[in-house]
Structures are given as C-alpha cells and as structure tokens.
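Undergrad: Could you have a look at this structure, given as structure tokens, before my questions?
The values are calculated or read from the model by the stated rules, or taken from the named source; none is laboratory data. Since this is a predicted model, take the numbers as computed values, not measurements. Note: ideal-geometry Cβ built from the backbone for every residue, glycine included; neighbour counts use all protein chains shown.
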C-alpha cells in the first residue's frame, strides 16, 4: 500500500473532505484507516462552531472513522482557548449557538445576555436576529471588543448553501463601525497552531488536506505544510485559482491518497 | 418676521430636526407655521422605512404640525416608486417591516415569502433574522437583484441607538457576494427628486434642512440646494466635518430659522 506523500502528520478538513453533510466521501474511511495503519497521525480540522469536539468525534465514529474529542480541532475550541489567553474569565456576549456558549463556559468565561461585557464573540449562528445585533451594538458602544470564529460566507448543506459567519460579522461591523480584531478559524494560523500541537509535529512534517483553496490550502502553504486539494467539496477542477494558489496535489477525493497496490 | 433664507421650497428632515423620538424640537411647530404663513412650501423627508407616509403625517399633526400624506416623502414610498419604474409588478422578497410590505403591494408588487423573486428589497427591519437572510441568499443564487431603502448604520431612539439598514445590507452582501445596486434614501438623488417633485420647485429655489452632514447636507449641496444644518440631532457643534462639508447655515435648531422681530 502506497501513500501519496511521506509526511507523518495529516490534518484533514471535515465538510467536503471527509464527509458531505451526513454522507461519508466514498473511500474516506479506508484512507484514514490506511494512514493510521502506516503509523501516520491524523487530526480533523473544521471551521464550524455549531457543535462540540465530542459531537464531531461521535459523528466520525458513527460514519466508520473511530475518533475521540482530542482528534478534532474546530473553531469553537480554538476561540475559547485563544480568548482565554487574551482575557481569561472575561464577561462575553455571544452571537452563536448553545454548544459554543457551553465551550466558553467550560473555559471559564462569564457568558452574559446583555451588553455589560468585554468581548462580543461572533460565530456562525442559525439563530442570529435583530435582538442579538442590538446587544452587540450596545456592547461595542460601552467598549466591548470583537472576536469571531470563522470567515466563511456560506456553509454547504445537502439542502443548499446557508449563511455562515461572514454574515454575522458584516452586520456587526456595519452597525458598530468597529472591526473584528481576530478571526481564529481557517485560514488563520491560530487554528493551525492548535492542530499542529494536537499532532505534536512540526509543520514541515505535516500535510493539510481540504476542499477549499482560500482557507485550507492558503493556510497550509503559508505555514510550510504540504497541501492536498480534494475535489469532493466546493472546488471544481476548472477553478483558475488552483494554478494560482498551487496545492502540492490535486485529487478527486481522499480515496486517491492511498494506492492499494 | 424675518426668515433666514429667501427660497420658496423647504425640505425638512424629521428625526433630529423636527422631533426627537416623540418629542417636538422646541419652536419647530412655530417655525413651520411661520414658513407656511409667509407662502413658503414645506415637505418632510425621512430615510425611515418603518412607517407609512400617512403614519408620519398623523404623527406630525398630533405634535401640532398639520400635515397630509402628500407632504411626507420617506424611503419606503421612494423605493416603491423607483422599483415600479425599473421592474413594475415584479415578485419581491422583503427584509422589512409590514408597512413597507403594504407600500410595495399598493404599488403593484407581488410580495413573496420565498426566494422565487426578481428583487430582494432590504430595509431597516427590527424583525431581521437568520431565516430572512437565508431566503435572501437563495434568491440571489437564483438571480435576484438587490435594492435597499437607506444606508444608515444606526437609528437614534430615546433608549439609545439601534441597528439600522446598513446592518441588513452588510449581512446580505457578505453572504451572497453580491452588491446592492441602488439605495434610494438620503444621500441618494433619488429621494431628493421625489421630494422636489412634491414641492413642484427647482433645486435652486429650495433649502434642505437636516441634522446629518453625510446625508441631509451632502445630498442637498450635490444637487444645488441651499443647506441648513441644525444641531438638535446627531451632529455636535465641534464636528470637524462641518467646515469640510460646508452647510450654508448652522443653527442650534429649527427655531432659529425665523426671527420674530
């Protein structure tokens, strides 16, 4: 069995790379099993702040890829850790869903539902509304700073695209006139550092595999990882940016990483 | 009785100029009565799409300034008229409140609650939520175009600032990647043309009076009206933009327009 690249560490994007919605990408489970059998280390990396690491690990295990919470790095956990470094225990107002609020509470933050906070945390939030936007405005007027989970415009689902965190960020920036100081998710180096630490390997010994050029591939290249673009998600083979951005490999899907001969 | 400027037509902003919230600016009713008694024509101009012209006329009358719907020009009626010129009877999806939907229906538009539309109308909407943002995204993906009522970031209220239409516009633009083609409200010349037509006068024979430099004063100056900045609303006397933008007169409030001697 031959693996396309020699690096020991493998960072795999989830949506569009390992699965699409609730359907596993064909061959993904076998490829990940082959990587592990060959002694390679694998971690999963997602910009989605909608679920906890334990939720992602359970989903992967259910789909036939055994995984524990420590194998998953997503933008919620990275935001919670990063903000804990900047302002531990701070009062925060969150534009986000309950699992993100839980993650922040678990990291010692005081999650409030009013503007008397030091930070407004902005995330992909399917319950975003005018009331939350109003509290964010009042909080910024009282001096709160802005931090966000991920810069994605939309999120692909089996039912089509839905608005992602960029919509919430833009609304808050437009009404407040303030700018989000930090977006921790891909392509930020912040999420990549957490993932490299989870693998315990140096960038030069790792590969970033993903379906998005502007996040997965750009982030990996900037930090010196090998990069693999898979065409099982949002990017089409004729996208002119592939040549510009230049991933090391372009493959139809994860299945093509391993040659069973 | 002496009136500060000789022009026959007077366009008066409402919020911050004639009233603040539900309180009349002291002297505003007397000044407007004096203008009318001297044979000047008066019309009222608002960027707010939350109410109908009849609502504004009723409010003015209640506050002691007799007015009919034909004396009021706001961004809802201007949007409905402008879009009727571009695409009469089109199916539209509206991010907005019920009076705007009624205005659009009254102008012959098919107001739908799904993405099968030719236009997404974006307005100041205190019931904005993720569901509306999702329909807007789907509509744009199916080819819908974007038009908006007003560019204001926030709206002052007696309880403080609240998010205005800029928040809704930014969210839709960020998730769709599309750009709003037309914003009809101040400082657009579109709303000014409707107001000038209501007065039946040429720009050179009219005065624009308002409390916002970047909308009221900029719009009036661009079109060749005389301009009066009143300090009864959002602008402070020490604002450095006053000298840059250069309104013809800067007055503490409408009351100072008329000298009773």
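Undergrad: Only one of B:62, B:126 is within 14 Å of another protein chain (Cβ to nearest Cβ) and within 19 Å of residue B:46 (Cα to Cα). Can you tell me which?
TA: When all the criteria are applied, what remains is B:126.
Undergrad: Given the structure, is residue A:239 under 22 Å from residue A:161 (Cβ atoms), assigned by TED's automatic domain parsing to the domain that holds residue A:24, out of contact with any helix residue (DSSP H, G or I) (no Cβ under 6 Å at 6 or more places or on another chain) and buried (at least 16 other Cβ atoms within 10 Å of the Cβ)?
TA: no
Undergrad: Within segment A:89-185, which helices (runs of 4 or more DSSP H) (wholly inside it) include 2 or more residues that are within 29 Å of residue A:235 (Cβ to Cβ) and in contact (Cβ under 8 Å) with a residue 40 or more places away in the chain?
TA: A:98-106, A:165-176
Undergrad: Mind listing just one residue for me: the one in segment A:154-163 that is surrounded by 18 or more Cβ atoms within 10 Å (Cβ to Cβ) and within 7 Å of chain B (Cβ to nearest Cβ) and, of those, farthest from residue A:182 (Cα to Cα)?
TA: Among them, the one singled out is A:162.
Undergrad: Continuing with the same structure: When you go through B:258, B:218, B:228 one by one, which is the residue that is within 28 Å of residue B:123 (Cα to Cα) and in contact with a strand residue (DSSP E or B) (Cβ under 8 Å, 6 or more places away or on another chain)?
TA: B:228
Undergrad: Does residue B:224 count as crowded, with 21+ Cβ neighbours inside 10 Å, more than 14 Å from chain A (Cβ to nearest Cβ), at pLDDT 95 or above and under 21 Å from the mean Cα position of the chain (by Cα)?
TA: No.
Undergrad: Return yes when residue B:95 is surrounded by 24 or more Cβ atoms within 10 Å (Cβ to Cβ), within 12 Å of chain A (Cβ to nearest Cβ), touching a strand residue (DSSP E or B) at 6+ places or on another chain (Cβ under 7 Å) and over 22 Å from residue A:178 (Cβ atoms) and no when it is not.
TA: Against the criterion (surrounded by 24 or more Cβ atoms within 10 Å (Cβ to Cβ), within 12 Å of chain A (Cβ to nearest Cβ), touching a strand residue (DSSP E or B) at 6+ places or on another chain (Cβ under 7 Å) and over 22 Å from residue A:178 (Cβ atoms)), residue B:95 qualifies.
Undergrad: In this structure, does residue A:204 turn out to be modelled with pLDDT under 95 and more than 14 Å from chain B (Cβ to nearest Cβ)?
TA: no
Undergrad: Oh, and also: Could you list all residues from segment B:119-130 that are surrounded by fewer than 19 Cβ atoms within 10 Å (Cβ to Cβ) and over 14 Å from residue A:132 (Cβ atoms)?
TA: Selection gives nothing.
Undergrad: Determine which single condition residue B:213 fails, assuming it passes every other condition in (1) surrounded by fewer than 24 Cβ atoms within 10 Å (Cβ to Cβ); (2) within 14 Å of another protein chain (Cβ to nearest Cβ).
TA: (2)
Undergrad: Just to be sure before I move on: is residue B:145 touching a strand residue (DSSP E or B) at 6+ places or on another chain (Cβ under 9 Å), facing chain A (nearest Cβ under 7 Å) and over 21 Å from residue A:165 (Cβ atoms) in the structure I sent?
TA: no
Undergrad: For segment B:165-184: of the residues being more than 7 Å from every other protein chain (Cβ to nearest Cβ) and closer than 12 Å to residue B:47 by Cβ, which is nearest to the chain's Cα centre (by Cα)?
TA: Residue satisfying both the conditions and the ranking: B:184.
Undergrad: Might you let me know whether segment B:104-121 holds any residue that is touching a helix residue (DSSP H, G or I) at 6+ places or on another chain (Cβ under 6 Å) and within 8 Å of chain A (Cβ to nearest Cβ)?
TA: No, segment B:104-121 contains no residue that is touching a helix residue (DSSP H, G or I) at 6+ places or on another chain (Cβ under 6 Å) and within 8 Å of chain A (Cβ to nearest Cβ).
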